[in-house]
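Asker: What follows is a single structure, and I will ask about it in a moment.
The values are calculated or read from the model by the stated rules, or taken from the named source; none is laboratory data. In this text, all values refer to a predicted model and were calculated from it rather than measured experimentally. FYI the Cβ positions are ideal-geometry reconstructions off the backbone, even for glycines, and counts take in every protein chain you see. The accessibility values were calculated without ligands, DNA or RNA, using every heavy atom of the protein model including side chains. Shrake-Rupley method; radii C 1.70, N 1.55, O 1.52, S 1.80 Å.
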Amino acid sequence: MTLAAEREAETEVVYPDPTPPVLGGFQGLPARPGWFSQHLGTAVIGAVLGYLLGHWLGNVVGSGYTNVSNSGSNSIAVTGGLLVAVAGWLLGIGAVNYPLAKLVGMEPRPEYESTSWTRYLRYTADHKVVGLQYVIGVLGFFFTGGLLAMAIRTELLSPTSHVFGPGTYIAIVSEHGTIMMMMATSVVVGPLGNWLVPLMIGARRTAFPRVEAFSFWIFTAGYFVILSALFYGGFPTGWTGYAPLQTQAGVGMMSYLVGFAVIGLGMMAAGFNLAVTIINYRAPGMTWSRIPIFVWSILATCALLTLATPTLVAAGLFGILDHTAQTAFYVTEHGGSSFLWQNLFWFFGHPEVYIMALPGFGIVAELLPVFCRKPLFAYKVAAAGMVGVALLSFFVWQHHLFQSGINPDMRPLFMLTTELISIPTGFIYLVGLGTLYKAKIRLEVPMLFCLAVFFNFLIGGVTGVFLSDVPVNVTVHGSFFVLAHFHYTIMGGLIFAFFGGLYYWLPKMTGKTMNKQLGKAHFWTMFIFFNMTFFPMFLIGLLGQPRRVFEYAQNLQALNDFASVSAFLLGASFLIFIANFVWSIFIKPTPAPANPWNSLGLEWQTPTPVPYYNFERIPVVLSDPYHYSEENAPAVADLGEGELVTTGASSPASVAEDPRPPAPGVETTR
């Protein structure tokens with residue numbers, strides 16, 4: 001189809017009526033809902049009432065169980081309370097309004113554009129609002145886990161003088177690990193994936209906007225469910241939840257199992273929605289070889305979210321049944337197997353590592369061409385590497401069971417598959433290095449975080465190759481060496497990339513410019529004290545200190561104290577980010593330029609704030625967005641009425657109504 005034919009076939013946007021009609025029943029809410037409608041407050045009320053109802057029903061059901069009446073604890077009541085609380089939370093926020101309206105034969109209320117700040121406290125079909133809701137949600141997750149990490153390092157200041165008892169300490173360690181892992185699964189896909197993917201592929205919305213909103217609100221419900229374990233005395237298993245300790249634990253274990261299952265549903269919903277969006281909602285001309293590399297990383301991640309997470313949900317369901325219905329899935333004495341949990345958990349858990357790593361790779365690969373002002377080196381190799389990582393991640397999970405008594409004949413196979421996955425990962429790493437080669441690098445704040453990812457992930461990756469070898473794994477399994485490797489891989493890779501992405505895209509998401517000096521202060525303190533915190537842990541692990549034990553050898557106190565003080569300073573670095581965010585967005589906001597980084601990406605070719613339907617006309621994509629500094633480079637896209645996005649030296653391709661000053665480096669021609 002020719003470009004002219006594409007344009008003739010295109011339909012104009014029909015924007016929603018600013019004053020939608022008032023309908024009857026629970027769908028008849030006013031156009032600008034007041035505080036008597038559904039919002040965060042009604043969700044909290046629904047959750048509290050749901051918990052009380054579910055707990056009461058659980059007590060009724062469990063009253064006839066001899067093991068319940070004689071134990072003083074009732075897992076049935078706690079499980080019922082948590083599950084009905086989640087249902088009340090979703091009902092209170094309005095997540096079930098649409099399906100309920102359809103069930104009773106009513107026409108659901110049409111979606112409309114809202115500019116009120118209260119839209120961030122409501123259930124919305126606008127992917128940009130959901131993305132910013134995710135930003136606040138994952139940061140809340142992250143800082144909660146960070147406070148628990150500070151408590152852990154406080155306890156480890158001394159091997160003999162204790163701040164917490166052993167039970168409290170292991171509960172804090174378990175809560176920290178679980179919160180951080182569940183946060184990390186959605187830290188990029190939730191905020192940046194939902195906000196950016198439709199814009200990057202030239203779509204007006206995601207495929208299933210209500211599913212997108214559902215994924216956030218059930219994700220948030222899962223956070224509160226996991227956090228509730230502290231009020232039940234915590235759980236003693238660490239974030240991995242191993243049986244038989246799992247089946248012997250108290251009612252706090254139910255928060256872990258229910259929370260994992262609930263967040264798992266949100267992960268599947270988010271992955272399914274974005275995968276369908278990428279496959280079916282790309283703009284005309286956006287072939288697979290023109291998709292932004294960040295979108296490739298999200299697509300690979302969505303495949304893992306959709307295919308691996310059901311195993312976690314099923315594993316959690318089996319654990320819930322063992323505690324409540326007296327089944328024996330993980331109870332060896334009654335015909336079950338604790339190995340079943342390990343296999344189910346890690347069949348999800350190792351793809352989960354790449355659920356966290358792949359979006360970080362995508363952010364770095366997306367930002368490098370912008371700040372190097374040269375095309376992305378070996379674009380197709382990077383895309384193939386991401387697909388290869390996603391595929392191989394399903395074949396490595398049993399390296400977590402090297403010490404669990406599995407058949408020794410299985411060890412060489414999984415040692416091989418684990419080392420094989422380093423090949424596509426290495427390809428992605430080399431693509432980044434190739435892009436940096438002979439580049440004129442602009443050391444802006446986002447680029448600093450990207451460069452840090454190369455340094456940190458190299459250490460995490462090399463130590464990972466060592467851990468894949470059975471002899472080394474046998475020596476350091478369960479030690480601080482593994483802990484340091486994991487933090488270098490995930491925090492040093494994903495979290496640094498996430499903050500780089502935030503500094504890069506927040507000017508577009510909020511229309512405000514983050515303070516550059518505070519951003520650099522945040523980066524340098526975070527980078528220096530991250531390495532000072534976790535690199536000594538390699539030595540601590542090699543010297544024999546196991547994880548999750550709060551007493552250790554006296555000769556390791558100096559290294560532990562050094563790591564603890566560094567961890568406190570690392571925690572302080574995040575306060576700089578909070579101060580920068582609050583100052584730049586709320587206290588003294590400075591309007592951001594229309595395209596501050598001179599990017600060719602489609603997301604930067606829209607006005608700020610982005611309209612409800614993103615594009616007045618669906619763009620026609622003409623090439624990939626990485627032709628920086630090329631002479632006679634092809635136009636990236638046709639935005640309609642002859643407006644082309646090209647490399648050049650005048651204004652960015654933002655809509656004419658955008659009053660802010662343009663940034664040099666990208667131009668639109670007519």
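Asker: Mind checking Rg over Rh on the stretch 458-517, alpha carbons, Kirkwood formula for Rh?
Answerer: 1.26
Asker: Give me the distance in nm between label points sitting 7 Å out from Cα along the Cα-to-Cβ direction at Arg548 and Trp524, one decimal.
Answerer: About 4.0 nm, to one decimal.
Asker: Please compute, for the alpha-carbon atoms of the stretch 209-276, the extent along each of the three principal axes and give them in descending order in Å.
Answerer: So the three principal-axis extents are 41, 22, 13 Å.
Asker: Can you find, among Thr118, Leu265, Gln398, the residue sitting farthest towards the positive end of the charge dipole of the chain, where Lys and Arg contribute +1 and Asp and Glu -1 at Cβ?
Answerer: Thr118
Asker: Here's something else I'd like to know. Nothing charged except the Cβ atoms of Lys and Arg (+1) and of Asp and Glu (-1): what's the magnitude of the dipole of the stretch 92-236 about its Cα centre? Round to the nearest 20 debye.
Answerer: Dipole about the Cα centre, nearest 20: 300 debye.
Asker: Whole number please: convex hull volume per residue of the Cα set in the stretch 105-169, in Å³?
Answerer: Numbers: hull volume 8.9 nm³, N = 65.
It comes to 136 Å³ per residue, whole-number rounded.
Asker: What is the spread of the Cα atoms of the stretch 334-388 along each of their three principal axes, largest first, in whole Å?
Answerer: 64, 18, 7
Asker: Taking all protein chains as present, what is the carbon and sulfur share of the accessible area of the stretch 35-166, in % to the nearest whole number, probe 1.4 Å?
Answerer: On the way: 4370 of 6210 Å².
Carbon and sulfur together cover 70 percent of it.
Asker: To the nearest 20 debye, what charge dipole does the chain have about its Cα centre, counting +1 at the Cβ of each Lys and Arg and -1 at the Cβ of each Asp and Glu? Don't skip to the end; give the middle numbers.
Answerer: On the way: 30 positive and 33 negative charges, 153 e Å.
Dipole size: approximately 740 debye.
Asker: Additional query: Classify the stretch 379-419 from the C-alpha gyration tensor, please: rounded if a/c falls under 1.5, else prolate or oblate depending on whether a/b exceeds b/c. Mind showing how you got there, number by number?
Answerer: Working: a/c = 4.58, a/b = 3.33, b/c = 1.38.
In terms of gyration-tensor shape, prolate.
Asker: Could I get the Rg over Rh figure for the stretch 384-454? Both from C-alpha atoms, Rh via Kirkwood, rounded to two places.
Answerer: Reported Rg/Rh, Kirkwood definition of Rh: 1.18.
Asker: Which three lengths, in whole Å and largest first, does the stretch 367-513 cover when its Cα atoms are put on their principal axes?
Answerer: 55, 30, 26
Asker: Could I have the simple spin-label model distance between Lys438 and Glu630, label points 7 Å from Cα toward Cβ, reported in nm to one decimal?
Answerer: 1.6 nm
Asker: Could you tell me the center-to-center distance, by alpha carbons, between the stretch 138-196 and the stretch 356-394 in angstrom?
Answerer: 28 Å
Asker: Based only on Cα atoms, what mean projected area does the convex hull of the stretch 580-628 have, in nm²?
Answerer: That works out to 4.8 nm², a quarter of the Cα hull's surface.
Asker: For a Förster distance of 56 Å, can you work out the FRET efficiency between the beta-carbons of Trp117 and Asn407, rounded to the nearest 0.05?
Answerer: The calculated FRET efficiency here is 0.45.
Asker: So which of Lys128/Lys374; Lys512/Lys588; Lys516/Lys588; Lys128/Lys380; Lys438/Lys508; Lys128/Lys512 end up more than 20 Å apart by C-alpha? Working shown, then result.
Answerer: Working: Lys128/Lys374 29 Å; Lys512/Lys588 10 Å; Lys516/Lys588 14 Å; Lys128/Lys380 29 Å; Lys438/Lys508 29 Å; Lys128/Lys512 15 Å.
Result: Lys128/Lys374; Lys128/Lys380; Lys438/Lys508 exceed 20 Å.
Asker: Please report the orientation-averaged projected area of the chain, defined via the convex hull of its C-alpha atoms, in nm².
Answerer: Numbers: hull surface 124.1 nm².
Average of the hull's projected areas for the chain equals 31.0 nm².
Asker: On to the next question. So for the stretch 435-551, Kirkwood radius off the Cα pairs, Stokes-Einstein at 25 °C and 0.890 mPa s: how many µm² s⁻¹?
Answerer: On the way: Rh = 15.7 Å.
Value of D from the Cα-based Kirkwood radius: 156 µm²/s.
Asker: Report the Cα centroid-to-centroid distance between the stretch 440-508 and the stretch 205-258 in angstrom, as an integer.
Answerer: What the calculation gives is 26 Å, centre to centre.
Asker: What percent of all Cα-Cα pairs in the stretch 144-241 falls into each 10 Å bin, going from 0 up to the bin containing the maximum distance?
Answerer: Histogram of Cα-Cα distances, whole percents per bin: 14, 36, 24, 16, 8, 2.
Asker: Rg and Dmax in Å for the stretch 256-297, alpha carbons only: what are they?
Answerer: Expressed in Å, the Cα Rg and Dmax of the stretch 256-297 come to 14.4, 46.
Asker: Quick one: plug the Kirkwood hydrodynamic radius of the stretch 537-645 (C-alpha pairs) into Stokes-Einstein at 25 °C, 0.890 mPa s, and report D in µm²/s.
Answerer: 126 µm²/s
Asker: Quick one: what do you get for the stretch 162-297 if you divide its Cα Rg by 2.2 N^0.38 Å?
Answerer: On the way: Rg = 18.7 Å, N = 136, 2.2 N^0.38 = 14.2 Å.
Normalised Cα radius of gyration, the stretch 162-297: 1.32.
Asker: As a test of the formula, what do you get for the chain when each DSSP H run with n ≥ 4 contributes -39,500 (n - 2.57) and the sum is divided by the residue count, at 222 nm and rounded to the nearest 500 deg cm²/dmol?
Answerer: Value at 222 nm, helices only, nearest 500: -19000 deg cm²/dmol.
Asker: Further question on the same structure: Which percent of Cα-Cα pairs in the stretch 62-158 sits in each 5 Å bin, short to long?
Answerer: 2, 9, 10, 12, 13, 12, 12, 11, 9, 5, 3, 1, 0, 0
Asker: For the stretch 79-236, just list the percent of Cα-Cα distances falling in each 5 Å bin from zero outward, please.
Answerer: Result returned by the calculation: 2, 8, 15, 16, 16, 13, 10, 7, 5, 3, 2, 1, 0, 0.
Asker: Dipole of the chain (Lys/Arg Cβ +1, Asp/Glu Cβ -1, origin at the Cα centre): which of Ala579, Ile226, Pro99 lies farthest to the positive side?
Answerer: Checked the options; the winner is Ala579.
Asker: Only Cα pairs under 8 Å and at least 6 apart count here; give the relative contact order of the chain as a rounded whole percent.
Answerer: Reported as a whole number, the value is 13 percent.
Asker: Still on this model: How high is the FRET efficiency between Phe562 and His162 when r is their beta carbon distance and R₀ equals 30 Å, given to the nearest 0.05?
Answerer: It comes to 0.95.
Asker: To the nearest 20 debye, what is the magnitude of the charge dipole of the stretch 480-572 about its Cα centre, counting +1 on the Cβ of each Lys and Arg and -1 on the Cβ of each Asp and Glu?
Answerer: Here the size comes out at about 460 debye.
Asker: Within 10 Å, at most 13 other Cβ atoms, and a DSSP state outside H, G, I, E, B define an exposed site. Report the longest part of the chain free of exposed chymotrypsin sites (Phe, Trp or Tyr not before Pro).
Answerer: 37-287
Asker: In square angstrom, what is the accessible area per residue of the stretch 131-199 with a 1.4 angstrom probe? Let's see the in-between values first.
Answerer: Numbers: 1610 Å² over 69 residues.
That works out to 23 Å² for each residue.
Asker: For a Förster distance of 60 Å, can you work out the FRET efficiency between the beta-carbons of Met106 and Leu539, rounded to the nearest 0.05?
Answerer: Details: r = 65 Å, r/R0 = 1.08.
Rounded to the nearest 0.05, the efficiency is 0.40.
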